[in-house]
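Report on one structure; see the data block that follows.
The values are calculated or read from the model by the stated rules, or taken from the named source; none is laboratory data. Not measured: the values here are computed from a predicted model. Note: ideal-geometry Cβ built from the backbone for every residue, glycine included; neighbour counts use all protein chains shown.
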Amino acid sequence: MREDVIGRANVEDTPELDRYYQDLERVDAAALWTVANKIEPWEPKSDSVPVLWRWRDLRDVVLRSVDLVSPEKAGRRVVYLNNPGRREVAAACGWLFSGLQVMHPGEVATAHQHSASALRFIMEGSGAYTIVDGHKMSLAANDFVLTPNGAWHEHGVEADGTPCIWQDGLDIPLVNALEANFFAVHPDLYQKVGYAVDDTTHTFGNPGLRPVDDKWSKGYSPMFKYQWEPTYEALTKYSRTTDGSPFDGVMMNYVNPITGGPVMQTIGAAMQMLRSGEATRAHRHTGSVIYQVAKGKGYSIIGGRHFDWRERDIFCVPSWVWHEHGNASASDDACLFSFNDLPVMAALGLYREEAYGDNAGHQPPAA
Ligand SMILES: [Fe+2]
Ligand SMILES: [Fe+2]
């Protein structure tokens with residue numbers, strides 16, 4: 001790939017150079033100028049494509065998996081979101097994995113741990129629970145729970161519950177790209193619950209207050225579970241006092257209450273409210289984001305493509321792609337849950353952001 005620009009590779013092929021390239025190949029080497037323009041693009045070019053996964057398409061195929069495989073045989077009964085541009089690494093977007101997991105009442109999946117950081121966002125059903133390092137948490141729709149890097153965790157649904165579906169989010173593709181992924185099955189297969197149910201949320205989830213004797217020093221949030229009701233209440237209160245972000249409406253990050261930083265070292269998460277009729281301006285930034293519609297209906301324009309979404313739909317915004325969001329209702333707010341790899345971008349000094357330039361700041365449709 002030649003470019004006729006000073007400072008960029010622009011070498012024409014000759015028989016002599018061809019012979020030279022063959023000689024380099026024989027000693028496991030190559031000439032940078034043959035690949036430089038490709039491996040050093042002027043700006044990020046994501047292989048991921050913007051995708052909207054509709055709940056009405058996904059729900060039935062996810063439920064079908066219940067009759068086809070058991071959680072014991074599957075390890076985890078998950079249907080994963082397979083971005084057409086990222087199939088070889090099983091990513092939903094960029095270096096993020098996402099899937100939908102279904103469990104029936106009375107089912108339990110064995111405990112395990114992995115180097116990948118993971119989260120779950122509950123979509124439907126009652127009686128779901130997760131146990132993280134001996135802390136058991138009960139889960140309801142729109143609750144958000146962490147299963148951090150290296151933590152033992154297992155999932156189940158109580159016998160008196162209903163079939164549960166939740167979205168999983170992990171950084172498996174990233175950790176694999178870094179060649180740092182370990183996985184272990186718990187030696188006893190299941191954990192012993194060593195604390196009162198929901199103790200982490202009761203201990204660390206009180207706004208503006210922190211226990212005098214906590215000694216938490218791990219790199220992720222000790223809170224593990226973030227419930228929907230206080231999250232929605234916080235957004236509602238905040239919406240009364242702010243104009244919000246021009247690009248995201250009223251948006252709040254889920255944070256590690258000890259540091260105020262992201263919930264895990266490699267994955268951040270947020271909930272945002274688009275007020276009735278609100279339409280944001282377009283911006284773009286490095287890092288991948290996967291959204292789930294927690295409430296309401298609206299649309300997003302991603303890379304010039306218009307996607308209409310409603311509750312439980314999932315969509316993705318690849319790195320450095322223009323995006324903007326709108327609430328389609330004139331009377332109700334809409335809420336988007338999202339998770340991202342922005343903590344990685346920030347920690348490595350790779351975060352960049354840009355507002356769309358024209359007056360209104362809205363993107364033109366895709367050509
Ligand atoms: Fe896991
Ligand atoms: Fe954004």
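Things to note:
- Within the range 297-312, the set of residues being under 11 Å from Cys335 (Cα atoms) and either surrounded by fewer than 20 Cβ atoms within 10 Å (Cβ to Cβ) or at pLDDT below 95 (or both) comprises Lys297, Arg310, Glu311.
- Candidate set from the range 318-367 (those that are part of a loop (DSSP other than H, G, I, E, B), under 25 Å from Gln167 (Cα atoms) and of a type in the set (A, V, I, L, M)); member that is farthest from ligand 2 (Cβ to nearest atom): Ala328
- Count - residues of the range 134-150 that are of a type in the set (S, T, N, Q) and either within 16 Å of ligand 2 (Cβ to nearest atom) or within 18 Å of Glu233 (Cβ to Cβ) (or both): 1
Here is a yes/no grid of residues against (1) within 27 Å of Val293 (Cα to Cα); (2) at pLDDT 95 or above; (3) within 16 Å of ligand 1 (Cβ to nearest atom); (4) surrounded by 20 or more Cβ atoms within 10 Å (Cβ to Cβ):
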| position | (1), (2), (3), (4) |
| --- | --- |
| Asn37 | no, yes, no, no |
| Val49 | yes, yes, no, no |
| Leu63 | yes, yes, no, no |
| Val66 | yes, no, no, no |
| Asn82 | yes, yes, no, no |
| Ala90 | yes, yes, yes, no |
| Trp95 | yes, yes, no, yes |
| Gln101 | yes, yes, yes, yes |
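- Selection of the range 75-103 for residues being assigned to a loop (DSSP other than H, G, I, E, B) and within 16 Å of ligand 2 (Cβ to nearest atom) yields only Gly94.
Every residue, every condition in (1) of a type outside the set (A, V, I, L, M); (2) in contact (Cβ under 8 Å) with a residue 60 or more places away in the chain; (3) more than 26 Å from Tyr351 (Cβ to Cβ), yes or no:
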| position | (1), (2), (3) |
| --- | --- |
| Glu43 | yes, yes, no |
| Arg59 | yes, yes, yes |
| Leu68 | no, no, yes |
| Cys93 | yes, yes, no |
| Ala116 | no, yes, no |
| Ala128 | no, no, yes |
| Val132 | no, yes, yes |
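- Against the numbered list (1) away from ligand 1 (no atom under 14 Å from the Cβ); (2) closer than 25 Å to Ser338 by Cβ; (3) outside any loop (DSSP other than H, G, I, E, B), Glu72 comes up short only at (2).
- Given (1) over 21 Å from the mean Cα position of the chain (by Cα); (2) within 27 Å of Gly75 (Cβ to Cβ); (3) not in a loop (DSSP other than H, G, I, E, B), number of the condition Thr162 does not satisfy: (3)
- Residue match in the range 212-233 (condition: more than 16 Å from ligand 2 (Cβ to nearest atom), within 26 Å of Asn327 (Cβ to Cβ), β-branched (Val, Ile, Thr) and over 17 Å from the mean Cα position of the chain (by Cα)): yes
- For first residues located in the range 270-292 and away from ligand 2 (no atom under 14 Å from the Cβ), partners that are in a loop (DSSP other than H, G, I, E, B) and among the aliphatic types (A, V, I, L, M) and lie 6+ apart or on another chain with Cβ distances below 6 Å form the pairs Ser276/Ala330; Gly277/Ala330.
One line per residue, one yes/no per condition, for (1) at pLDDT 95 or above; (2) of a type outside the set (S, T, N, Q); (3) not in a strand (DSSP E or B):
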residue	(1), (2), (3)
Gln167	yes, no, no
Leu174	yes, yes, yes
Asn181	yes, no, yes
Pro187	yes, yes, yes
Gln191	yes, no, yes
Tyr195	yes, yes, yes
Pro207	no, yes, yes
Asp213	no, yes, yes
Met223	yes, yes, yes
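- Residue satisfying condition, being surrounded by fewer than 18 Cβ atoms within 10 Å (Cβ to Cβ) and assigned to a loop (DSSP other than H, G, I, E, B), within set Thr241, Thr236: Thr241
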